[in-house]
Amino acid sequence: MKHAKLADIFLIGALLIAVLVFLFFSRQNGEVIATVYQNGQMIEEINLSRVTEPYFLESGETVLSVEPGRICFIQARCEDRLCIKYGWLSKAGESMACVPAKTVVTLKSQKSAPDAVTG
């Protein structure tokens, strides 16, 4: 029984290390790109890593606020306003939608290319 407990502890430790390594490298994955779709068509692609000044993006019945590294809905004509209540998106893999306005925002990562090649 004692060996099983030691093996369990070793397995849990290995899994924790793997998760920490994954989280470390997933944060270093480069630039975050926001893609805005309306009625199933891509209408805007924004590199949030390169935004320097806040601005608003009007998209039909919705208004998005774009700031350095993040994006959110700030205005919508729908009744429940769940899209506004969701808040800011800032990490690759996140998404939000205003279903009545048929507007979807998704974030993905893009590895940034080096500016110069060193030898």
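The values are calculated or read from the model by the stated rules, or taken from the named source; none is laboratory data. Since the model is a prediction, treat every value here as computed from it, not as a measurement. Here the Cβ is made from the backbone with ideal geometry for all residues, glycine too, and neighbour counts use every protein chain on show. Accessible surface is based on the protein model in full, side chains and every heavy atom, while ligands, DNA and RNA are left aside. Shrake-Rupley method; radii C 1.70, N 1.55, O 1.52, S 1.80 Å.
Some notes on this structure:
- Exclusive hit being modelled with pLDDT of 90 or more and either hydroxyl-bearing (Ser, Thr, Tyr) or in contact with a Ser or Thr (Cβ under 7 Å, 6 or more places away or on another chain) (or both), set Gly60, Gly30, Gly87, Gly69: Gly69
- Yes/no for Ser109 being under 13 Å from the mean Cα position of the chain (by Cα), touching a residue at least 12 places away in the same chain (Cβ under 8 Å) and assigned to a helix (DSSP H, G or I): no
- Unique match (being outside any strand (DSSP E or B) and open to solvent by less than 90 Å² (accessible area, probe 1.4 Å)) among Ala92, Ala97: Ala92
- For segment 47-77, a residue qualifies if it is surrounded by fewer than 16 Cβ atoms within 10 Å (Cβ to Cβ) and either in contact with a Pro (Cβ under 6 Å, 6 or more places away or on another chain) or basic (Lys, Arg) (or both), and the qualifying residues are Arg50, Glu67, Arg77.
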